[in-house]
């Protein structure tokens, strides 16, 4: 790594810390304004007044909210994200369990969606107004407009319940669920490392459908934006000049137009990835897979403040890191960006 | 120059082919659950704790029946009858019970069940003071006096004393509730952290003597139970029971249809209807003790009409009971108009009220309320409450009562009810233990000692009913006791700020080869020990 790139990285650290602090403050403030009573949410309606008072005290809810925030920040600084009120487990343990599942799903979806989306966008610009172009437009429209929740249920019904082509829900079948030592939390990696061929194949079979469903969203997004960016380049003078000098359409597209939008393409990929990380909740729900999106959503319904804050901070940190790395990649790859 | 072009063109195609090929290769064989492993698809999102002194959610209550035993438990076929469980027999005295423990009873750890375990379990539950502690508090037990109320007589006998005005029958039934589960003191004490009495450990582990023991609990994913072959309740027929968290009802239906789950819970009317014609799946229906009712807050000074008995009476004729139960909610409920659910001893089964707008208008006119009444109705912001509220709004409007629906999150609604700031609210009630007093003590008891019962929340002053409810709780003769509860129900049904309307039914889908699953009327009565397939 050059000194220049290291300098760029270091410059992002204070910004990242400031963003996380602001995120924590806003999340904490919004949760404090919420009409939901976390103590009542936890103990239910029948509990006695003395239990209610005790639980409020144990949760620290009887202190003014600046004091609650101060306590929370002090704990976070020491690496303690607290205990989830809705799972009864340390938030850190919960996140270590659910976040790798989301990364696995979102990364594979991005790879499938990214490769197919970029290919489709290039092909549609290479053969405008043809079949591929029409197909790309339909795909990008469908990927952006069909709800993944509905698509997931239909896919489960057809490919799992009727055709039996894929496995059902969860990350592994029950026969393998407790034989794999989940050390890293990434089921493919752990199954492969443990030499469990059957478990690896089973994990892949469980991943195909949710990955394809989530990739359909990525595919639609990437195809639409990259195609539009390439079409925007098509009318520029350097393209006319290259064509006038005798370069073929494919060569112009790949050697001249595509490099000019690489910064934009990197940004699109990064934004899509962050959306997938956060937005996999519906796919996780339909396919009964653990994940950060579902963890956060359930925590929100339960007014589970430690879980909400822990998950929000983690997702926020991911956004900041991915954005920072994307900025760096764009600067390093495109000399026009200062 | 042509190489990258070819590779880029081939990229998506190759990727697509790879995915389809992988799908076909790895997905062409279906997984089959072994015959000794039973998988249920249900929502475990509600599960907070598997410690019987803390867990008070449906999923944990149902699990406690499989994992723990109490001194006495309701007979599963006739819940009105008490069966010995960890106690072989008992004798009653003046506000005391002496239990003889089964001499051969052991926990899943192999430790014998001792009087010390009984004392520790009950005392621990009171001192931890978690959500269900109020059930044991009803005996007059507090963290300061509970130890003196539990006495070891000898190595196999334990005495239980109480100070509250309750008869033996009520106390025995209170001891059947999940919070009275007996835990293995030696195991729990070994996992004590600071002063938590093993609570953190027991949230995800077990130390009981029930037919199953917890092998592994992964929050919001799965709860895996193994057979406890040494259980005093008898060894279960299954080796392993997996309760799998499947949050979406549509997916639960597909899992049981395909055979990856043997049982699916929490299905909606759409899923039940879709499975009704399946040959591979049978739908079992069990009555549930959950009662749905409308409550008027008579203590709200902003709307004096709420305290007018004529409004309560008119409201009874302004609900389309049958339309809600049979059409709107399609078989998930039955019409039920008394506070004791069908299936509880002494429950009134008659349904004297139906939708009669003309009669309601006459009642309101006689009471001088014909000019129109406006009421804020608080409801949970989840199905089926919004549908029920809209039906009420429509029929009450015909009678001249304008209902303003205020949907809110459940804990927000509970906050309003506890603070008595709402005007009217649609709520549900689940009894805490299998005894009429659990419900009568809420609906028809508003003592002046500061106990905030449901009647207190409705602002309903009822000295006469208080005496009757107290007498019923103390009545030693079973038949006389039941007749007293029938009388209390009739009074509440006739005139009270509650309009009791519906009783829930539970629909469960099981594979056709599954036998022996049974579910009782109360929340914790889910029995897996006789299940086979």
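Structural remarks
- Over chain B: Rg over Rh, Cα atoms, Kirkwood Rh: 1.03
- With respect to chain A, whose longest principal axis is taken over its alpha-carbon atoms, helix A:65-77 is tilted by about 70°.
- Entry for region B:221-327 at q = 0.15 Å⁻¹: log10 I(q)/I(0) = -0.85, Debye formula applied to identical alpha-carbon scatterers, no solvent contribution.
- Here the convex hull built on the C-alpha positions of chain A has a volume of 194 cubic angstrom per residue.
- Three-way shape call for region A:181-246 based on the alpha-carbon gyration tensor, with the a/c threshold at 1.5: prolate
- Base-10 log of normalised Debye intensity for region A:91-140 (one unit scatterer per alpha-carbon) at q = 0.14, 0.18, 0.22, 0.26 Å⁻¹: -0.50, -0.62, -0.74, -0.87
- Counting neighbouring beta carbons within 10 Å and listing from fewest to most, the residues B:161, A:206, B:354 come out as B:354, B:161, A:206.
- Cα gyration tensor category, rounded, prolate or oblate, for region A:196-282 with a/c compared to 1.5: prolate
- Folded to 0 to 90 degrees: helix A:91-126 orientation relative to chain A principal axis, Cα: 20
- Based on C-alpha pairs under 8 angstrom that are at least 6 apart in sequence, region A:209-338 has a relative contact order of 25 percent.
- Isotropically averaged projected area of region A:74-158, using the convex hull of Cα atoms (one quarter of hull area), nm²: 9.3
- Ranking of B:152, B:127 by count of other Cβ atoms within 10 Å, fewest first: B:152, B:127
- A simple spin-label model places pseudo-atoms 7 Å from Cα toward Cβ; at residue A:63 and residue A:179 they are separated by 4.9 nm.
- Over region B:74-130, the hull volume per residue, using the convex hull of the C-alpha atoms, is 144 Å³.
- 5 Å-binned pair-distance histogram of region A:1-67 (Cα, whole percent): 3, 14, 16, 14, 11, 9, 7, 7, 6, 6, 4, 2, 1
- Considering only region B:200-317, percent of DSSP beta bridges that pair antiparallel, nearest 5: 100
- Ratio Rg/Rh, restricted to region B:381-533 and using Cα atoms, in which Rh is the Kirkwood radius: 1.03
- Share antiparallel - DSSP beta bridges, the protein assembly as shown, percent rounded to 5: 75
- Summary value for region B:65-111: 26 percent relative contact order, contacts being C-alpha pairs under 8 angstrom separated by 6+ residues.
- Computed over chain A: relative contact order in percent, which uses C-alpha pairs under 8 Å that are six or more apart: 28
- Taking the DSSP beta bridges with both ends in chain B, the antiparallel portion is around 75 percent.
- Our analysis of region B:263-379 gives Rg over Rh at 1.08, with the two radii drawn from alpha carbon positions and Rh computed by the Kirkwood formula.
- Kirkwood-Stokes translational diffusion coefficient of region B:348-437, alpha-carbon pairs, 25 °C, 0.890 mPa s, µm²/s: 164
- Chain A: angle of helix A:305-333 to the longest principal axis, Cα-based, in degrees nearest 10: 20
- Computed over region A:37-80, the P(r) tail beyond 15 angstrom holds 49 percent of alpha carbon pairs.
- Bins of 5 Å from zero: percent of alpha-carbon pairs in region A:1-134: 2, 7, 9, 12, 12, 12, 10, 8, 8, 6, 5, 4, 2, 1, 0
- Principal axis analysis of the Cα atoms in region B:454-520 yields extents of 55, 30, 19 Å, listed in decreasing size.
- For the protein assembly as shown, the Cα gyration tensor yields ellipsoid semi-axes of 55, 32, 27 Å (square root of five times each eigenvalue, largest first, whole Å).
- Just so you know, the Cα atoms of region B:238-289 work out to an Rg and Dmax of 11.4, 33 Å.
- Put simply, the convex hull of the Cα atoms in region A:127-224 casts, on average, a shadow of 8.1 nm².
No lab work stands behind these numbers, since they all come straight from the coordinates. All values derive from a computational prediction rather than experimental measurement. When we count neighbours, we look across all protein chains shown, and the Cβ atoms used for this are built from the backbone with ideal geometry, even at glycine.
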